[in-house]
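Before any comments, here is the structure.
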Amino acid sequence: MALANTIRQCRFHLGEMTQKELAELIGVSRQTVHAIERGKYSPTLEVAFRIARVFGTSIEDIFFYEPDIEGEHPFKNGLELKISWHDGKSEGTDNEGQ
């Protein structure tokens, strides 16, 4: 999976900001901004936060995962993420020993 982003669109919505201007604001080189925009380089978490702050939005609005192959499962090797919430109360079941 590739880390995709909306940086280019955000730059243009912010008065056609150049890569160089963004780079200066977030403390990296213009080449780094270019590589991040093209999906060739994944930024550090700190740089991702700086980018989001410049555009006044959250990281999730800037960065997202895009499958490399159509229909690719987001977890490699068949791993599956299951999240369940448990409030500590059992309703008619005995979970002791589990």
For the condition in contact with a helix residue (DSSP H, G or I) (Cβ under 7 Å, 6 or more places away or on another chain) and of a type outside the set (V, I, T), what is the one hit in L45, L22, L3, L14? L22
Run down I7, I26, I36 and say which single residue is touching a Pro at 6+ places or on another chain (Cβ under 6 Å) and buried (at least 16 other Cβ atoms within 10 Å of the Cβ). I36
In this structure, does Y65 turn out to be modelled with pLDDT under 90, among the aromatic types (F, W, Y) and surrounded by 10 or more Cβ atoms within 10 Å (Cβ to Cβ)? yes
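The values are calculated or read from the model by the stated rules, or taken from the named source; none is laboratory data. Treat the numbers as computed from the prediction; the structure is a model and nothing was measured. Here the Cβ is made from the backbone with ideal geometry for all residues, glycine too, and neighbour counts use every protein chain on show.
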